[in-house]
Amino acid sequence: MSDTPFHQLDEILDGIEAAFPDSIERLSRILAIPSVSTDPDRTDEVHRAAIWFRDELDALGFEAKVVETPGHPVVLASSPAPEGAPTILFYGHYDVQPEDPIDLWDSPPFEATVVEDSNGGRIVARGAVDDKGQVMCFIEAFRAWRSTVGTLPVGVTVMLEGEEESGSPSLEGFLDAHHDDLRADVCVVSDTGMWNAETPAITTMLRGMVYLDVAIDGPTHDLHSGMYGGAIANPANVLAAIIAAMHDASGGVAIPGFYDDIVEPDAETLESWSKLDFDEAAFLGSAGVTAATGGERDRSVLERTWSRPTLDANGIHGGYTAAGAKTIIPATCAAKISCRLVPGQDPDRIEQLVMDFVTARLPEGFTARFESHGSNPAIVVPPDSPWLAAANDGLERVYGRPAAIIGTGGSIPAVGEIQQRLSMDALLVGFGLDDDRVHSPNEKFDLRCYRGGIRAHAAMLAAFAGTSAP
Ligand code: BES
Ligand code: MN
Ligand code: MN
């Protein structure tokens, strides 16, 4: 075991402060590349973003390459471990969500804009916090170690994915093909949030997900709603009624069997969540609302978002949606339906339950079409690993307080794949805030979070250097 090189940390942190304007500049450059993985017209841009990260890591002394997959490429880079030190696999994603609705942005989504505010400023662009800004947190921490100390204190492997926002379809194959290159002691993921701007967080529960396109077809063509209305069921009305029937009056999901296999968090976990001083008003405020009107009303908001499953229509489309009035019974209507899953729920089974629920409610002669956009199970990270303790040590040195141990309602398919395929623990340390407008117009990353994230990663590297596998 090598010495924990905390004695160099102050100097490294000073270096990070001095170079912070350059860190902002570099983040701005990668934010300018519209690497939207779900948009087939942006394939070249996604590739360009991969090359940008490869070049950046190459310049930092990593052996770095862009590895093609059946989908978007993975950036893979490595820097060997000093004698006796562990190797850490850093995961992040360089793809971003689509920018629409574009009219609602106050500045161009792919032009990083630094806005002054009472929190020390923020950088606004698609991908600012999800996940380019967070990837840059660890890359800038590597840079600081190199420029101050000359080397990294641990072995580092970097794996940056370009398909996270489209469900990571190529990752499984990639992990199997590169199993040996990816050998490490733990995987650090920077793609989640802090507890609040002053309190870092380590996330130990992630929800899973299933995502289905559902289309309901009725008449063979759009019908005059005066001639046929009243005689023939309307696919839009039918779909709306089915979606409405998916929840009961108390906010629970009414699909039979939906809750059957759930493994609830243990009493200790629930107790620790109840001790977190959750600012419900601030959370609701970050969504622009005043009440927690969704989900199971008899559960706390933290449970409802962290450890309870949900079902949502992400969009409903069909029929006439342009200006003015057009009187039709549309031939078809469709919705995008997703479920967030919790431990115990099998994604394939839940997907089948949703399809069965729809099919059982179709009027005679109507049909339903389903297209799955992939699924992934919920994830639990063991809270008692030495890596988590080391990360917490590093975080505490930077923030002056220990990390909150939290859950999150979001999903990161890669985490489950890494746990399974690489038999490796994951450690989720992120720097986003609730009001970052993730996946929404005017996505931002507070500069205080960017700075803190770089500092924290620098400190965690030192802490990992003094840690070994149990
Ligand atoms: N970084 C998010 C997940 C997340 C969001 C974690 C908020 C913590 C707080 C990730 O990029 C994401 O958006 N994941 C998708 C996964 C999906 C496309 C398979 C999600 O959760 O919707
Ligand atoms: Mn993300
Ligand atoms: Mn995302």
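The values are calculated or read from the model by the stated rules, or taken from the named source; none is laboratory data. From a predicted model like this one, the values you see are computed outputs, not experimental measurements. Neighbour counts run over all protein chains shown; Cβ positions are idealised from the backbone, glycine included. With ligands, DNA and RNA removed, areas are computed over all heavy atoms of the protein, side chains included. Shrake-Rupley method; radii C 1.70, N 1.55, O 1.52, S 1.80 Å.
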Original post:
How many residues does the range 411-434 hold that are farther than 17 Å from Arg207 by Cα, open to solvent by 10 Å² or more (accessible area, probe 1.4 Å) and within 16 Å of ligand 3 (Cβ to nearest atom)?
Top reply: 1
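Answer yes or no as to whether Val214 is away from ligand 2 (no atom under 16 Å from the Cβ), in contact (Cβ under 8 Å) with a residue 40 or more places away in the chain, at negative phi and among the hydrophobic types (A, V, I, L, M, F, W, C). Working first, answer last.
On the way: away from ligand 2 (no atom under 16 Å from the Cβ): yes; in contact (Cβ under 8 Å) with a residue 40 or more places away in the chain: yes; at negative phi: yes; among the hydrophobic types (A, V, I, L, M, F, W, C): yes.
When the stated conditions are applied, Val214 passes them.
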**OP:** Could you check Val129 against (1) more than 22 Å from Ile412 (Cα to Cα); (2) touching an Asp or Glu at 6+ places or on another chain (Cβ under 6 Å) and say which number it fails?
**Re:** (1)
**OP:** Within the range 132-156, work out how many residues are more than 16 Å from ligand 3 (Cβ to nearest atom) and in contact with an Asp or Glu (Cβ under 7 Å, 6 or more places away or on another chain).
**Re:** 2
Subject >> So Leu182, is it over 30 Å from Leu302 (Cα atoms), in contact with a Lys or Arg (Cβ under 6 Å, 6 or more places away or on another chain) and either surrounded by fewer than 21 Cβ atoms within 10 Å (Cβ to Cβ) or touching a residue at least 60 places away in the same chain (Cβ under 8 Å) (or both) >> reply: no
Original post:
Looking at Glu443, Glu396, which one is among the acidic types (Asp, Glu) and open to solvent by 20 Å² or more (accessible area, probe 1.4 Å)?
Top reply: Glu396
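I need the strands (runs of 3 or more DSSP E) fully contained in the range 34-140, keeping only those with at least 3 residues that are buried (at least 23 other Cβ atoms within 10 Å of the Cβ) and within 16 Å of ligand 1 (Cβ to nearest atom).
Fully inside the range 34-140 and qualifying: 87-93.
Identify, please: which residue in the range 141-166 is more than 16 Å from ligand 1 (Cβ to nearest atom) and in a helix (DSSP H, G or I) and is, among those, surrounded by the fewest Cβ atoms within 10 Å (Cβ to Cβ)?
Going through the qualifying residues, I end up with Ser147.
Suppose we filter the range 167-189 for residues that are touching an Asp or Glu at 6+ places or on another chain (Cβ under 9 Å) and in a loop (DSSP other than H, G, I, E, B); how many remain?
Of all residues in the range 167-189, those touching an Asp or Glu at 6+ places or on another chain (Cβ under 9 Å) come to 168-172, 174-175, 185-187.
Now narrow it down to the ones that are in a loop (DSSP other than H, G, I, E, B): 168-170, 185.
The qualifying residues number 4.
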**OP:** With the condition kept exactly as written, say whether any residue in the range 401-410 is open to solvent by less than 20 Å² (accessible area, probe 1.4 Å) and out of contact with any helix residue (DSSP H, G or I) (no Cβ under 6 Å at 6 or more places or on another chain).
**Re:** yes
**OP:** Inspect the range 189-201 for any residue being within 19 Å of the chain's Cα centre (by Cα), within 16 Å of ligand 3 (Cβ to nearest atom), open to solvent by less than 10 Å² (accessible area, probe 1.4 Å) and modelled with pLDDT of 95 or more and give the result as yes or no.
**Re:** yes
Original post:
Within the range 167-179, which residues are open to solvent by less than 10 Å² (accessible area, probe 1.4 Å) and within 16 Å of ligand 2 (Cβ to nearest atom)?
Top reply: Ser168, Leu171
**OP:** For the range 3-25, indicate whether the set of residues that are within 21 Å of Ala414 (Cβ to Cβ) and of a type outside the set (S, T, N, Q) is non-empty.
**Re:** no
Subject >> The lone exception for Leu175 - which of (1) out of contact with any Ser or Thr (no Cβ under 6 Å at 6 or more places or on another chain); (2) within 16 Å of ligand 3 (Cβ to nearest atom) it fails >> reply: (2)
Original post:
Ser372 fails exactly one of the following numbered conditions: (1) open to solvent by 20 Å² or more (accessible area, probe 1.4 Å); (2) away from ligand 1 (no atom under 13 Å from the Cβ); (3) in the same structural domain as Val238 (by TED's automatic domain parsing). What is the number of that condition?
Top reply: (2)
Original post:
In the set Ala334, Ala404, which member is in the same structural domain as Gly218 (by TED's automatic domain parsing) and at pLDDT 95 or above?
Top reply: Ala334
Subject >> For Val154: the one exception among (1) in contact with a Phe, Trp or Tyr (Cβ under 7 Å, 6 or more places away or on another chain); (2) more than 26 Å from Ala469 (Cα to Cα); (3) aliphatic (A, V, I, L, M) >> reply: (2)
**OP:** Would you mind listing the helices (runs of 4 or more DSSP H) fully within the range 202-300 where at least 1 residues are assigned by TED's automatic domain parsing to the domain that holds Val342?
**Re:** 235-245
